[in-house]
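Asker: Could you have a look at this structure, given as structure tokens, before my questions?
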Amino acid sequence: MIRHLMRIAPWQAGKFFAVLYFIMGLVFAIPFALIGAAVPEQAGFGVGFAIAMPFMYAICGLIFVPLACLIFNFVAKLVGGLEFVVTESNSA
């Protein structure tokens, strides 16, 4: 069955991706923090950057994803949205 995506709720998508980006930032921050703690202070970003990285990712997601959704919603009105195919599965 063919469906068309015509609108994405900007604030809801922003909240979702802010949390997702925060989790992804943690995945990257832990190795950065471990490496930053093991090397001298002058080589690299350090532990402070590793701690700030998940928060920066989340803030960027909260700002830029809703903007992208607003642009998508505007363009979808002009060109008819995004077409995708949905199938049903009998697996449990």
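Asker: To the nearest 500 deg cm²/dmol, what mean residue ellipticity at 222 nm is calculated for the chain from DSSP H runs of n ≥ 4 alone, each contributing -39,500 (n - 2.57), summed and divided by the residues?
Answerer: -24500 deg cm²/dmol
Asker: What do you get for the angle between helix 10-38 and the principal long axis of the chain? Use alpha-carbon atoms, 0 to 90 degrees, nearest ten.
Answerer: For helix 10-38, the angle is close to 20 degrees.
Asker: Something else about it: What is the set of long-range amide H partners of I8 at a cut-off below 5 Å, with H atoms built 1.01 Å from backbone N?
Answerer: Amide H neighbours of I8, under 5 Å, 5+ apart: N73.
Asker: Assuming R0 = 35 Å, what is the FRET efficiency of V79 and V47, from their Cβ-Cβ distance, to the nearest 0.05?
Answerer: The calculated FRET efficiency here is 0.15.
Asker: Through the Karplus equation 6.51 cos²θ - 1.76 cosθ + 1.60, θ set to phi - 60°, convert the phi angles of the stretch 62-79 into ³J(HN,Hα) values in whole Hz; use x for Gly and Pro.
Answerer: Whole-Hz 3J(HN,Hα) from phi for the stretch 62-79: 5, 8, 7, 5, x, 4, 5, 5, 4, 5, 4, 4, 5, 5, 4, 5, 6, 10.
Asker: Which percent of Cα pairs goes in each bin when the distances of the chain are cut into 10 angstrom slices starting at zero?
Answerer: Spelled out bin by bin, the chain gives 16, 26, 24, 19, 11, 3 percent.
Asker: Taking 0.36 nm per intervening residue step and subtracting the Cα-Cα distance, what contour gain separates M6 from I63 on full extension?
Answerer: Full extension of this stretch gives 18.4 nm more.
All of the numbers you see were taken from the coordinates with simple rules; none came from a lab. Please read these numbers as outputs of a predicted model, since none were measured by experiment. Methodologically, a virtual Cβ is constructed for each residue, glycine included, from the backbone with ideal geometry; neighbour enumeration extends over all protein chains shown.
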